[in-house]
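Contents: one structure, followed by commentary.
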Amino acid sequence: RGGARARSGGKMASTAAGKQRIPKVAKVKNKAPAEVQITAEQLLREAKERELELLPPPPQQKITDVEELNDYKLRKRKTFEDNIRKNRTVISNWIKYAQWEESLKEIQRARSIYERALDVDYRNVTLWLKYAEMEMKNRQVNHARNIWDRAITTLPRVNQFWYKYTYMEEMLGNVAGSRQVFERWMEWQPEEQAWHSYINFELRYKEVDRARSIYERYILCTVLVLVHPEVKNWIKYARFEEKHSYFAHARRVYERAVEFFGEEHMDEHLYVAFAKFEENQKEFERVRVIYKYALDRIPKQDAQNLFKNYTIFEKKFGDRRGIEDIIVSKRRFQYEEEVKANPHNYDAWFDYLRLVESDAEAVTVREVYERAIANVPPIQEKRHWKRYIYLWINYALYEELEAKASKRTRQVYQACLELLPHKKFTFAKMWLLYAQFEIRQKNLPLARRALGTSIGKCPKNKLFKGYIELELQLREFDRCRKLYEKFLEFAPENCTSWIKFAELETILGDIDRARAIYELAIGQPRLDMPEVLWKSYIDFEIEQEEYEKTRNLYRRLLQRTQHVKVWISLAQFELSAGSEERLPRCRQIYEEANKAMRSCEEKEERVMLLESWRSFEEEFGTEATKERIDKLMPEKIKKRRKLQAEDGSDAGWEEYYDYIFPEDTANQPNLKLLAMAKLWKKQQQESEAAAMDPDKDIDESQS
């Protein structure tokens, strides 16, 4: 039995050794992708960042003897060499290695590292600069010269090498060596700044002739090779000569520049500089010739600065006429460009004509006016003609007031009136101006004929009013009556015309005609301002002291409208009538108005009536009448109502004030219930306040 147990135990052990136990894995219930996906690149970057964060700083190491120092150097060199071996093309590793050796004063080792780095990448500018700076720091001048020579030979187009090399030689006091480096540099025909650096170098040592020869070589290079064909280089050369008082040479430089650029590549800056030079030399006639020569050949849009400087020059040294000619010609050119770009830009034409009128002769002004009015608007719509018509008006006024040519003025007016499409629209202003012109010429028949033609072709309210006003000034009242009749036939709904006609008859003393006109007016089926007409009629009867007719007018008006202002106006009329029964009449009107307006939906109007009634009673009434009107006053309550938007959706609630009149309270039992509820709520609030303050109740009971 024991052997069997042992065998079974060995079998189980072998089975366990042969089969490893598999750990249980948690089942994932939600296998959907996460909302925020994380890439492998993000994981690696985060791991690198955390590695840097968790990395403890290296301990500070104190070197006490030579062996430890050598061991430290060996380890650092091994680290640098490993970094270089990993990636030879990273120049920063080489530079750090060399700078570390330099910090240890191991200059020979640092040179070796820089040389090895140059074998890897000799086109790296930073490497050359660091190498040369190391030699200069350690006062190894010949080594530094050797490095700069190798650098400018290998990379001659890197200007920084040349600048550093020449600066080093100059700092060492080796002027000849620096000049020699500059000469080698100029053979490569470098950029503009290099030439100026060479010139400034020579000027620092007062070598003006050498600087001039460099300028000549520079300009010659410009002419032959076209390396720097810019105006500013010629100007700098000329200013150099002027600065050193070689004025003849400076003038010759400017003349050579003008010849070089010719008329095809003219630049205003060259001529401005040339003119200023001559101005400094007091050669004013030469300056004027230069400016005029340039202005005649350079396009005007490219010569704005030239115009400006020429104007300043003339203001300084010229006469008044010359200054005005410059300004006018400049502005005239601007306006010409504007009207060429857009012939229908009438504002530009107005400015142009204003300028021409102030300076030019009549022939020139007429020519510009004719060009302007030839640009007729392409569309026959009045809004497009509103600016255009003022060209004709200004033309006619110029001919009449400035040129004193009445015949040409008449022709301008007639041509304009023939041009207008009167069947579609017209301009009453033009007809009236023409008529006023004929009156100034003492030609009344032509003025009347023009206005009559305008009314026949294209009747307008403004034309009728202007014609009537003209006849009124001439005291032709019969003509005024006929014109008013025609006017009212054309526009019977115009209340202002009826009122003016009636006022005219009133002034003339014909009261019956005025009353008849008012009657005809209020009998029209359609009026634009009926309230103004009725008020004017009522005021007319009051002025005539016809109080009964006035009352009848008010009653007729109340048959048409029950507006509160009519009732109030009637009450005030009765109050101001001056009779003995004025107060009872006024009170009766208020009572009648109150009864009439009970069925009115506009409660504010009824409140307005009651307010007016109360003001009347406070001034003229008794205590009983005052108490009575107080009982009629409504109660003002706040309500809410639901709002709806245009699409039918709910737009919230709004609060508004409503008025409840006493008779409304009697008819609506719910209002009584609401008042009782308010009273009960008030009593409840008082009882709660008493319960909150028991001491007060004790004091009250003791008292």
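Modelling each spin label as a point 7 Å along the Cα-to-Cβ direction, I'd like the residue 562/residue 317 distance in nm, to one decimal.
Using points 7 Å along Cα→Cβ, the separation is 9.4 nm.
Cβ under 10 Å from residue 428's Cβ, residue 428 left aside: what net charge do those residues give with Lys, Arg +1 and Asp, Glu -1?
Values: positive: 429, 460, 462, 465; negative: none.
Combined, the nearby Lys, Arg, Asp and Glu give +4.
Solvent-accessible area per residue for region 481-566 at a 1.4 Å probe radius, Å²?
Values: 4810 Å² over 86 residues.
Each residue of region 481-566 exposes 56 Å² on average to a 1.4 Å probe.
Just reorder 633, 134 by solvent-accessible area, largest first, 1.4 Å probe, all chains present. Could you put the intermediate results ahead of the total?
Numbers: 633 30, 134 5 Å².
The ranking, largest first, comes out as 633, 134.
What 222 nm value per residue comes from the helices of the chain, counting each DSSP H run with n ≥ 4 as -39,500 (n - 2.57) and dividing by all residues, nearest 500 deg cm²/dmol? List each step's numbers first, then the result.
On the way: 37 runs with 509 residues, N = 703.
Taken over the chain, the calculation gives -23500 deg cm²/dmol.
Report, in cubic angstrom per residue, the convex hull volume of the C-alpha atoms of region 443-541. List each step's numbers first, then the result.
Values: hull volume 8.9 nm³, N = 99.
Hull volume over Cα atoms, normalised by residue count, gives 90 Å³.
Just flag the trypsin sites (Lys or Arg not before Pro) in region 71-112 sitting in loop per DSSP whose Cβ has no more than 11 other Cβ atoms within 10 Å. Intermediate values should be presented prior to the final figure.
Values: sites: 73, 75, 76, 77, 78, 85, 86, 88, 96, 105, 109, 111; in loops: 88, 105.
In loop regions of region 71-112 (DSSP not H, G, I, E or B), the sparsely surrounded trypsin sites (Lys or Arg not before Pro) are 105.
Once you place label points 7 Å from the Cα toward the Cβ at residue 72 and residue 679, how far apart are they in nm?
10.5 nm
From the square roots a ≥ b ≥ c of the eigenvalues of the alpha-carbon gyration tensor of region 127-256, which class results: rounded (a/c under 1.5), prolate (a/b over b/c), or oblate?
Numbers: a/c = 3.36, a/b = 1.94, b/c = 1.73.
It comes out prolate by the Cα gyration axes.
Ignoring any ligand, DNA or RNA, what whole percent of the accessible area of the chain comes from carbon and sulfur when the probe is 1.4 angstrom? Numbers along the way, then the final one.
Details: 22800 of 45100 Å².
Accessible surface attributable to carbon and sulfur in the chain totals 51 percent.
Of 232/316; 206/232; 424/457; 465/549; 382/407; 565/595, which ones are farther than 22 Å apart at the Cα?
Details: 232/316 26 Å; 206/232 24 Å; 424/457 11 Å; 465/549 31 Å; 382/407 28 Å; 565/595 15 Å.
Result: 232/316; 206/232; 465/549; 382/407 exceed 22 Å.
Just to verify a number: FRET efficiency for residue 119 and residue 157, C-beta to C-beta distance, R0 = 25 Å, to 0.05?
Numbers: r = 22 Å, r/R0 = 0.86.
In this case the efficiency is close to 0.70.
When a/c is below 1.5 the answer is rounded, else prolate if a/b is larger than b/c, else oblate, so apply that to region 319-425 with a ≥ b ≥ c taken from the square roots of the Cα gyration tensor eigenvalues.
Values: a/c = 3.26, a/b = 1.48, b/c = 2.20.
Here region 319-425 falls in the oblate category.
For region 238-318, what relative contact order do you get, as a whole percent, if you take Cα pairs closer than 8 Å and at least 6 residues apart? Could you put the intermediate results ahead of the total?
Details: 52 pairs, mean separation 18.5, N = 81.
Result for region 238-318 is 23 percent.
Return a whole-number percent for the relative contact order of region 319-425, with Cα pairs under 8 Å and 6 or more residues apart as the contact set.
19 percent
Treating the angle as unsigned and between 0 and 90°, give the value, to the nearest 10°, between the Cα long axis of helix 582-596 and the longest Cα principal axis of the chain.
60 degrees
How long is region 238-318 along each principal axis, judged by its Cα atoms, biggest number first, in Å?
35, 31, 17
Note the full-extension length gain between residue 642 and residue 362 as 0.36 nm times their separation in residues minus their Cα-Cα distance, in nm to one decimal. Working shown, then result.
Numbers: separation 280, 0.36 × 280 = 100.80 nm, distance 7.36 nm.
Difference between extended and current length: 93.4 nm.
The values are calculated or read from the model by the stated rules, or taken from the named source; none is laboratory data. Computed from a prediction, not measured in an experiment: that's the story for all the values here. Because the Cβ atoms are built from the backbone with ideal geometry, glycine has one as well, and the counts that use them run over all protein chains shown. Quick note on the areas: whole protein, heavy atoms, side chains included, nothing else; ligands and nucleic acids left out. Shrake-Rupley method; radii C 1.70, N 1.55, O 1.52, S 1.80 Å.
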